[in-house]
1. Given the C-alpha centroids of region 105-124 and region 1-24, what is the distance between them in whole angstrom?
2. Residue 89 to residue 27: FRET efficiency via 1/(1 + (r/R0)^6), r the Cβ-Cβ distance, R0 25 Å, to the nearest 0.05?
3. May I ask you to give the percent of accessible area on region 77-121 that is carbon plus sulfur, with a probe radius of 1.4 Å?
4. Please work out the average accessible area per residue across region 30-124, using the 1.4 Å probe convention, and give it in Å².
5. Give me the Kirkwood hydrodynamic radius of region 1-54 in Å, from all C-alpha pairs, to one decimal place?
6. Between residue 1 and residue 82, how many nm apart are label points set 7 Å from Cα along the C-beta direction?
7. With loop defined by DSSP as not H, G, I, E or B, and exposure as at most 10 other Cβ atoms within 10 Å, which is the longest segment of the chain clear of exposed GluC sites (Glu not before Pro)?
8. Can you pull the Kirkwood radius for the chain, inverse mean 1/r over Cα pairs, to one decimal in Å?
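The values are calculated or read from the model by the stated rules, or taken from the named source; none is laboratory data. Model, not experiment: these values are computed from the prediction. Don't worry about glycine lacking a Cβ; one is built from the backbone with ideal geometry, like all the others, and counts go over all protein chains shown. Each accessible area value is taken on the protein alone, full model and side chains, heavy atoms only, with ligands, DNA and RNA left out. Shrake-Rupley method; radii C 1.70, N 1.55, O 1.52, S 1.80 Å.
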Amino acid sequence: QVQLVESGGGLVQAGGSVRLSCAASGRTPGNYAMGWFRQAPGKEREFVATISWRGDITYYAESVKGRFTISRDNAKNTVYLQMSSLKVEDTAAYYCARARASVAGESTTAYNYWGQGTQVTVSS
């Protein structure tokens with residue numbers, strides 16, 4: 001089994017920044033892409049960003065492109081999401097996920113392990 005634990009969420013003002021972390025433990029060896037998703041109340045979970053195993057391929061949702069940056073440190077089994085120029089509409093629970101392959105896209109079905117989520121609330 002693989003455990004994913006997110007941290008770094010909280011309350012931030014619009015225009016501010018926050019960095020989320022996702023630490024993996026358990027059966028972590030393997031070359032897997034990682035992703036971040038988010039879910040706002042009453043809405044479906046949506047894709048935010050993904051990064052390949054080597055970290056050389058990244059892909060972002062249009063709504064966050066240019067504002068969010070995904071990165072990873074394989075030596076620490078940790079993936080990060082740097083969020084800048086935050087907007088009220090970025091308010092959501094943010095989830096990290098481990099993909100089934102070394103490169104993954106935006107579909108939730110491409111990921112088979114999920115964290116419990118961390119809340120990010122952006123105030124105006």
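1. Taking the Cα centre of region 1-24 as reference, the centre of region 105-124 is 10 Å away.
2. Efficiency at R0 = 25 Å is approximately 0.10.
3. Answer for region 77-121: carbon and sulfur cover 46 percent of the accessible area.
4. Values: 4800 Å² over 95 residues.
Heavy-atom accessible area per residue stands at 51 Å².
5. Numbers: mean 1/r = 0.0748 Å⁻¹.
That comes to 13.4 Å for region 1-54.
6. 3.4 nm
7. Here the longest run is 63-124.
8. Evaluated over the chain, this radius sits at 14.2 Å.
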